[in-house]
Amino acid sequence: MTDGGETGKRPGTMSPEQAVLILKRESRVRSGTVPHAIAGVAVGPRQSWLAGDEFLLRPDECLAFHYARGQGITVARGDGADAIAENLWLNGSVYAAMAAINGFLPFHASAVAWDGRAVAFTGPGGAGKSTLIAALGARGFPMFCDDTLVLDIGGEGAPMAMPGHKRLKLTPAALALTGAARQEEVGAQTGKFYAEPPGGDWQVPLPLGALIFLEEGPDVSLRRISGHERFTRLQDDHYTANIFARARNHTPAEAFATWARLARAIPMLVFTRPRDEARFGEGVDAVAKALRDGLMNEGPAAASGWTSPVLGANGTDRAKE
């Protein structure tokens with residue numbers, strides 16, 4: 001189902017520029033007729049199916065999406081189709097399936113660009129990923145992606161991160177915390193608005209420099225992750241991970257090898273901070289300082305459960321208190 005040329009290449013065998021081109025080409029959208037089944041499996045409203053190089057999604061009775069590798073995305077709109085919902089589905093499940101079918105890993109994370117690398121923050125919905133990268137933008141760190149990080153994991157070493165395809169979305173509370181400029185409402189039921197990234201956005205692929213897991217706690221701290229905890233932390237149950245698993249159709253041994261290799265290749269940390277608006281800036285400043293001080297680099301401390309020196313709001317060194 002490929003159209004030949006660059007589209008037939010898999011990640012790891014292409015340059016970052018070729019990878020960007022493939023994602024752009026494969027995500028082109030047209031209106032048309034969408035099949036009712038793929039690989040002999042009928043797909044009804046509120047159902048999806050991924051088989052081989054195809055993905056079929058019917059989120060409701062009015063919308064249907066079909067992706068076929070080498071042919072792009074086809075959208076069928078019935079009476080009453082919601083344009084806002086269409087855009088959200090296109091940039092969510094449909095884009096993730098397209099990326100996974102082409103060998104990329106869609107990961108639930110938001111990221112900033114710094115020092116020639118992408119630094120990603122991950123956590124469950126509502127963990128504050130988008131709010132954090134917007135606040136970092138106000139401190140000079142450009143947004144790399146929001147909500148979904150697409151990785152080329154085919155090469156050796158650190159995965160290559162592809163620039164984000166989604167616009168920044170923030171709640172009114174997050175807009176107030178970060179000072180980001182509010183734009184149009186995403187949709188009445190989302191409770192969010194599109195926002196202008198305060199630090200601009202980065203449009204060039206970068207190696208993934210670190211993956212930081214967001215957690216809530218009484219104090220602000222950054223802790224490196226080592227050993228088997230790295231592997232365990234990568235076992236995400238987000239829909240993007242499920243789509244990747246379906247697209248790659250790995251045996252258990254192949255899946256284990258893939259995640260184990262990523263666990264070894266990606267520097268990982270845990271960022272703990274209180275979910276207290278009064279202390280929000282303290283946590284953001286701690287991450288910004290860590291980035292500027294180069295604390296995202298792997299080193300001997302990574303194997304010893306090292307905790308970074310994090311400056312508190314009063315300028316004290318919390319790791320030494």
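Please treat every number below as a calculation from the coordinates, not as lab data. These numbers were taken from a predicted model, which means no experiment stands behind them. No Cβ is skipped: glycine too gets one built from the backbone with ideal geometry, and neighbour counts run over all protein chains shown.
For the set 24/289; 166/289; 129/289; 166/192, the pairs lying more than 24 angstrom apart at their alpha carbons are 24/289; 166/289.
Across all C-alpha atoms in segment 199-304, the radius of gyration and Dmax reach 16.1, 48 Å. Residues 115, 146 in ascending order of nearby Cβ atoms (within 10 Å, fewest first): 115, 146. Think of each Lys and Arg Cβ as +1 and each Asp and Glu Cβ as -1; about the Cα centre, that makes the dipole of the chain roughly 360 debye.
A Cβ-based charge dipole, computed about the Cα centre of segment 5-101 with Lys and Arg at +1 and Asp and Glu at -1, lands at about 280 debye. Per-residue ellipticity at 222 nm from helix content only, as computed over the chain with -39500 (n - 2.57) for each DSSP H run of at least four residues, stands at -7500 deg cm²/dmol. Work from the charge dipole of segment 103-212 (Cβ charges, +1 for Lys and Arg, -1 for Asp and Glu, about the Cα centre) and give the residue of 106, 122, 132 farthest towards its positive end. Selected residue: 132.
Please compute the net charge surrounding residue 165, taking Lys and Arg as +1 and Asp and Glu as -1 over other residues with Cβ under 14 Å from its Cβ.
Neighbourhood net charge equals +2.
If you fit an axis through the alpha-carbon atoms of helix 280-292 and take the longest principal axis of the Cα set of the chain, what angle between them do you get, 0 to 90°, nearest 10? Value to nearest ten degrees: 90. By the rule of a C-alpha distance below 13 Å, with chain neighbours fewer than 8 residues away ignored, the aspartates and glutamates paired with residue 169 are 146, 147, 184, 185, 196. Ordering 70, 18, 36 by the projection of their Cα atoms onto the charge dipole of segment 5-101, which places +1 on the Cβ of Lys and Arg and -1 on the Cβ of Asp and Glu, puts 18 at the extreme positive end.
The angle between the Cα long axis of helix 239-248 and the main principal axis of the chain comes to about 60°, on a 0 to 90 degree scale.
Based on other C-beta atoms within 10 Å, arrange 110, 93 from fewest to most.
By the 10 Å Cβ count, ascending, the order reads 93, 110.
Report the residue, chosen from 55, 121, 144, that carries the largest GNM mean-square fluctuation when the chain is represented by alpha-carbon nodes joined by springs under 10 Å. Largest GNM mean-square fluctuation: 55. Summarised in one figure, the compactness ratio Rg/Rh of segment 5-101, Cα atoms and Kirkwood Rh, is 0.99. Look at 215, 54, 277 and count the other Cβ atoms within 10 Å of each Cβ; fewest to most, that gives 277, 215, 54.
Against the chain, whose longest principal axis comes from its Cα atoms, helix 252-265 is set at around 40 degrees.
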